[in-house]
Amino acid sequence: MEKVYEVHKTIAEINEKIKKGKAVVLNAQEMTKLVRSEGKVKAAKVVDVVTTGTFSPMCSSGMLFNIGQRPPTIKTSKVWLNGVPALGGLAAVDSYLGATEPSDDDPLNKVYPGAFKYGGAHVIEDLVKGKSVHLKAEGYGTDCYPRKHLECDITLKELRDAILLNPRNGYQNYNCAVNSTDRIKYTYMGPLKSRFGNANFATAGALSPLFNDPYFKTIGLGTRILLGGGIGYVLGPGTQHVPNPERNERGLPMTGAGTLMVKGDLKQMDAKFLRGVSIVGYGVSMAVALGIPIPILNEEMAWFTGVADEDIQMPVVDYGYDYPRANGNILKHVTFAELKSGTIELNGREIPTIPVTSHTRSLEVADLLKRWIEQGKFLLTEAQEKIPAW
């Protein structure tokens, strides 16, 4: 039976209010306070859009690019940008540069194996900053593509096409990582000290996009988003998407669950919101700004966007022994509010917590998206295909 709501709005109606400068837009933190003080029905009547944001390492990211042709033409089979290998073999001059791909000749790795100072994410950041990068390409030569070697410096403006194409971003919940062994463990969550010396955690909590729409009621194929400081779009569920996770009483997943595949024009983006990251002993990643507007179509969406850090329960997983087994051995669940406090209790001890996600920058992302909407620069879109949530 279809739910009957006291409040009912459409995205088209909200867009008309945006165009006229009359839409009421709150960031996710502001919405939480309003829902807690005034209730979901009143909040739904007042608010039109809630903006979310996160800025965190998202390893499954990269750039799809086309270098254009110059006589004599080439069919690139091997490609490097600043010494970082890219994937050729897509078409004549199409390639994909993975954010985590390290440089072939990283000086830091020669001293500390597994430690990379420079990789694909740094190349992408350099391009967005307007820097030149060195392009090297090899081809095997054909009648229509006779060139076998190309080497030159190139900028983002000179690339024929440059698309940020990320297979998996915006994880809906994630592990809090600890290490029970007698030696330090170097992981994508950062270094984990021995004997539970620290607890590292990710996501932006109540600001995080997928905590504000846990059942993907408004987010789907074609949803317009903020990506890397520019405009992007959701392409659908990301890789490793878990459509039916265990949920708490508020509908929030108890473990890593939904993910998004996203894209955007790299030439529109801002290096402030797209940064190369070097993680000691693990390698390279990319910190990506992701902001998603949540239209408040009814009181149910107001309720979801009223999520607080205290509502979010995150699994504590021992990366010393239990990772990479599926979900590992969950030692306990802690709330995001506890993690933000600076310590959690584990086995009768106070463990210091360390965020991998920048809360300050995540709030900047949500507020930037809020300004765009208030200024009429950003309209909402209807999802053309649902993302599975059960």
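Total residues in segment 379-390 satisfying the condition of being under 20 Å from the mean Cα position of the chain (by Cα) and in a loop (DSSP other than H, G, I, E, B): the figure is 6. Out of (1) touching a residue at least 12 places away in the same chain (Cβ under 8 Å); (2) surrounded by fewer than 20 Cβ atoms within 10 Å (Cβ to Cβ); (3) of a type outside the set (A, V, I, L, M, F, W, C), the odd one out for residue 246 is which? Here residue 246 clears every test but (1).
Among the residues of segment 11-57, write down those that are among the polar types (S, T, N, Q) and more than 27 Å from the chain's Cα centre (by Cα).
Residue satisfying the conditions is 37 alone.
Pairing each residue of segment 217-233 that is more than 22 Å from residue 298 (Cβ to Cβ) with any residue that is outside any loop (DSSP other than H, G, I, E, B) and of a type in the set (Ser, Thr, Tyr), provided the two are 6+ apart or on different chains, yields C-beta distances under 9 Å for 226/51; 227/233. Consider segment 328-378 and keep the residues that are polar (S, T, N, Q) and closer than 19 Å to residue 180 by Cβ. The one that is farthest from the chain's Cα centre (by Cα) is 347. The condition of being within 23 Å of residue 340 (Cα to Cα), touching a strand residue (DSSP E or B) at 6+ places or on another chain (Cβ under 9 Å) and not hydroxyl-bearing (Ser, Thr, Tyr) holds for only one of 162, 137, 202, 206, that being 202. When 30, 38 are checked against the criterion of being farther than 28 Å from residue 270 by Cβ, without any contact (Cβ under 8 Å) to a residue 60 or more places away in the chain and either crowded, with 22+ Cβ neighbours inside 10 Å or not β-branched (Val, Ile, Thr) (or both), 38 stands alone in meeting it. In the set (1) surrounded by 18 or more Cβ atoms within 10 Å (Cβ to Cβ); (2) more than 20 Å from the chain's Cα centre (by Cα); (3) not aliphatic (A, V, I, L, M), residue 315 fails one condition alone, (2). The residues listed here are 237, 295, 253, 214; of these, the one that is in contact with a Pro (Cβ under 6 Å, 6 or more places away or on another chain) and under 30 Å from residue 390 (Cβ atoms) is 253. Quick check: anything in segment 8-15 closer than 21 Å to residue 227 by Cβ and among the polar types (S, T, N, Q)? Checked against the condition, which is being closer than 21 Å to residue 227 by Cβ and among the polar types (S, T, N, Q), segment 8-15 yields at least one hit. One residue stands out among those in segment 167-186 that are touching a Leu at 6+ places or on another chain (Cβ under 9 Å) and basic (Lys, Arg): the one that is farthest from residue 245 (Cα to Cα), which is 185.
Could you list, in sequence order, the residues of segment 332-345 that are surrounded by fewer than 18 Cβ atoms within 10 Å (Cβ to Cβ) and either of a type in the set (A, V, I, L, M) or touching a residue at least 12 places away in the same chain (Cβ under 8 Å) (or both)?
Quick first cut of segment 332-345, residues surrounded by fewer than 18 Cβ atoms within 10 Å (Cβ to Cβ) only: 332-333, 335, 337, 340-343, 345.
Selection gives 332, 333, 335, 337, 340, 341.
For segment 269-316, a residue qualifies if it is closer than 30 Å to residue 63 by Cα, part of a loop (DSSP other than H, G, I, E, B) and of a type in the set (A, V, I, L, M, F, W, C), and the qualifying residues are 269, 280, 292. The number of residues in segment 347-378 that are more than 15 Å from residue 272 (Cα to Cα) and outside any helix (DSSP H, G or I) comes to 14.
Taking only segment 267-300 into account, find how many residues are hydrophobic (A, V, I, L, M, F, W, C) and within 20 Å of residue 51 (Cα to Cα). Break it down into steps so the answer makes sense when it comes.
Initial filter on segment 267-300 (hydrophobic (A, V, I, L, M, F, W, C)): 269, 271, 273-274, 277, 279-280, 284, 286-290, 292, 294, 296-297.
Remaining after also requiring within 20 Å of residue 51 (Cα to Cα): 269, 273-274, 287-290, 292, 294, 296-297.
The qualifying residues number 11.
If you go through segment 178-202 and keep only what is farther than 17 Å from residue 315 by Cβ and among the hydrophobic types (A, V, I, L, M, F, W, C), you end up with just 184. When each of 177, 204 is tested for being out of contact with any Pro (no Cβ under 7 Å at 6 or more places or on another chain), of a type in the set (A, V, I, L, M, F, W, C) and closer than 30 Å to residue 8 by Cα, the lone residue that passes is 204. Scanning segment 41-51 for residues that are touching a residue at least 12 places away in the same chain (Cβ under 8 Å) and out of contact with any strand residue (DSSP E or B) (no Cβ under 6 Å at 6 or more places or on another chain) yields 41, 43, 44, 45, 46, 48. Applying a threshold of 7 Å to beta carbon distances and a minimum spacing of six or more residues, or different chains, the list of pairs starting in segment 151-179 at a residue that is farther than 23 Å from residue 290 by Cα and ending at one that is part of a loop (DSSP other than H, G, I, E, B) and hydroxyl-bearing (Ser, Thr, Tyr) reads 153/132; 154/132; 155/132; 178/319; 179/194; 179/319.
The numbers here are math on the coordinates, done by the rules we state, and not lab data. Because the structure is predicted, anything quoted here is derived from the model rather than measured. Please note: Cβ atoms are built from the backbone with ideal geometry, for glycine as well, and neighbour counts cover all protein chains shown.
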